[in-house]
1. Can you tell me the orientation of helix 94-105 relative to the chain, as the angle in degrees between its alpha-carbon axis and the longest Cα principal axis, to the nearest 10?
2. Could you give the distance between the Cα centres of region 12-42 and region 109-170, to the whole Å?
3. Run the count for the chain, please: Lys pairs, Cα-Cα under 19 angstrom, 8 or more apart or on different chains.
4. Which residues among region 42-64 fall inside the zone where the amide N is under 19 Å from a point 7 Å beyond the Cα of residue 118, along Cα→Cβ?
5. Just checking my list (1) 58, 35, 29; (2) 56, 45, 32; (3) 45, 37, 34 against Cα extents along the principal axes in Å computed from this structure; which label fits?
6. Using +1 on the beta carbon of Lys and Arg, -1 on that of Asp and Glu, and nothing else charged, what's the dipole of the chain about the Cα centre, debye to 20?
7. Could you state the angle between the C-alpha long axis of helix 2-25 and the longest principal axis of the C-alpha atoms of the chain, as a value from 0 to 90 degrees rounded to the nearest 10?
8. Would you mind getting me the FRET efficiency between residue 76 and residue 39? Use the beta-carbon distance for r and R0 = 22 Å, nearest 0.05.
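No lab work stands behind these numbers, since they all come straight from the coordinates. The structure displayed is predicted, hence computed values, not measured ones. Reconstructed Cβ throughout: ideal geometry from the backbone, glycine too, with neighbour counts over all protein chains shown.
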Amino acid sequence: MQKQNKTYRLALLGMLTAIIIIQTFIPFLGYIPIGLLSITIIQITVIIAAIVLGPRDGAIIGGVWGMITFIRAFTFPTSALAPIIFTNPLISVFPRVMIGIVAGLLFYKVLRNKVSDTVAMSISGVLGSLTNTILVLGFVYLFVREPYANFININVEELLPALLAIVGTNGVPEAILSGIITPIIAKPLMKIRKR
């Protein structure tokens, strides 16, 4: 039985890693463009990994996404801002790893025995997504605020309100979407895992 669980874990880790790679490289699979906004959905894959396999494996999948983001910032940037922001691993890798840790720990250690699995998955999805948003934008403010402000043509003093606006326009919709989609995908995977 333990060998079967290990095989399932490795197969699921491989599948989720492949999904992360595909979402990162194929336009519109990891991001949903809505008007001027681009809603990221890659974090949902990391959150699902954390819920189905645990915080450690969620951190691994998040790390894969982060490393791809980091490498692409040097080799094949997704935007003109990527080389300014994502060449710092504290901005590109660390928040993605933390998605898996936060979502997994919330689900397994905080919420699971207090509310239904569906609600626990939704809350973990919302807070896992917000972890990414808050850490990325917080580290942008701490480490690259001046180049970032110059690039978007605003004064450094105006950067904090601009970043908070991004939390409202992108971060909140991403978190809501994560809260909705996470249980839809994670629940069937959890049932398969229990067999």
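1. So the helix axis and the longest Cα principal axis differ by about 30 degrees.
2. 18
3. 7
4. Zone members listed by number: 48, 51-52.
5. (1)
6. That gives a dipole near 1260 debye.
7. Relative to the chain, helix 2-25 is tipped by roughly 30 degrees.
8. Here the calculated transfer efficiency is 0.50.
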